[in-house]
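First up is the structure itself, then whatever we jot down about it.
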Amino acid sequence: MTDTRPLALITGASSGIGYQLALQFTTHGYDVIVAAEDDAILPAAASLAREGASAEAVQVDLRSADGVEQLYRAVSESGRPLAAAALNAGVGRGGRFVDTDLQDDFDIVDLNVRATMHLAKLVLRDMVRRDCGRVLFTSSIASTMPGSFQPVYNASKSFVQSLAEALQDELRDTDVTVTSLMPGPTDTNFFHRAKMDDTVVGRMNLKDDPADVARQGFEALMRGDRKVVAESLSTKAIGLANRVLPDSVKAVANRVLSAPVNR
């Protein structure tokens with residue numbers, strides 16, 4: 001990596017929204033450090049290293065504190081300050097709470113909540129010390145509604161959304177900005193990994209384009225916006241509706257989308 005371009009960190013960057021976020025950074029003058037657990041992070045980084053951009057891959061399991069620290073060491077060893085961080089890594093699991101495997105639930109909490117909080121603590125301390133930086137949290141439209149048939153996932157994203165909004169207030173007198181990206185159903189591997197292929201939302205053909213979601217998130221981050229609901233008009237409409245609908249109605253809506261179709 002050179003030191004003539006700003007440096008950004010993106011987690012969950014082997015595919016989907018995370019990869020597209022990394023692509024936004026590299027095409028807008030950033031070098032990147034990209035992280036994910038799976039082997040696909042290596043070819044992903046190779047494809048990002050173009051047009052003068054450098055991309056370093058860190059293959060790491062962020063569900064453990066050791067994994068978070070390993071990633072942070074890689075950032076520190078670059079010898080360069082982070083201009084931006086996109087904390088995007090996350091996982092879900094469909095099904096009734098009483099039926100799902102407890103370890104799957106722990107994995108959601110460990111990655112979506114603990115790892116996000118841990119990495120944010122490390123990154124933001126450095127940024128506040130320098131009084132400069134941008135952090136993007138990938139939250140979800142799911143953070144605004146009870147998650148019937150994916151309860152732990154929605155709860156984890158509610159945590160992320162609440163954390164982002166609290167940090168926005170705490171850092172109001174600094175030049176560090178915090179933005180939350182709130183996608184709706186997006187055309188990624190998320191629903192397959194979450195074992196939700198046999199659901200209405202899993203079968204939807206008109207999911208949002210991850211490239212468009214990432215573009216809107218990146219643009220919001222660069223503007224210093226507090227949050228952005230991305231990408232389609234239907235997702236934005238859900239975001240508006242969720243401001244006024246009672247939680248009981250939103251829970252039923254989530255059930256319709258997330259319960260197995262053949263149940």
Heavy-atom accessible area of residue 118, protein chains in place, probe 1.4 angstrom, given in Å² to nearest 10, is 50
Over all distinct alpha-carbon pairs, what is the Kirkwood Rh of segment 171-263 in angstrom?
14.8
Expected output is a single nm value to one decimal: the length gained when fully extending between residue 38 and residue 102, i.e. 0.36 nm times separation in residues minus the C-alpha distance. What is it?
20.8 nm
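Within the set 195/227; 157/227; 157/236; 157/195; 121/250, which residue pairs have Cα atoms separated by over 20 Å? Provide the component values of the computation, followed by the final result.
On the way: 195/227 29 Å; 157/227 14 Å; 157/236 17 Å; 157/195 18 Å; 121/250 32 Å.
Cα-Cα > 20 Å for 195/227; 121/250; rest within.
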Label point distance in nm, residue 237-residue 203, each placed 7 Å from Cα along Cα→Cβ:
2.1
Assuming R0 = 45 Å, what is the FRET efficiency of residue 51 and residue 256, from their Cβ-Cβ distance, to the nearest 0.05?
0.55
Where labels lie 7 Å past Cα in the beta-carbon direction, separation of residue 162 and residue 65 in nm:
2.2
Residue 77 versus residue 223, label points 7 Å from Cα toward the beta carbon: distance in nm?
3.9
Mean residue ellipticity at 222 nm from the helices of the chain, using -39,500 (n - 2.57) per DSSP H segment of n ≥ 4 over the full residue count, to the nearest 500 deg cm²/dmol?
-13500 deg cm²/dmol
Express the carbon and sulfur contribution to the solvent-accessible surface of segment 106-217 as a percent, rounded to the nearest whole number, probe 1.4 angstrom.
52
Just to be sure I understand: of the beta bridges DSSP finds with both ends in the chain, what percent are antiparallel, rounded to 5?
5
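The values are calculated or read from the model by the stated rules, or taken from the named source; none is laboratory data. What you see is a predicted model, and the numbers here were worked out from it, not measured in a lab. When we count neighbours, we look across all protein chains shown, and the Cβ atoms used for this are built from the backbone with ideal geometry, even at glycine. Please note that ligands, DNA and RNA were not included when accessible areas were found on the heavy atoms of the full protein model with its side chains. Shrake-Rupley method; radii C 1.70, N 1.55, O 1.52, S 1.80 Å.
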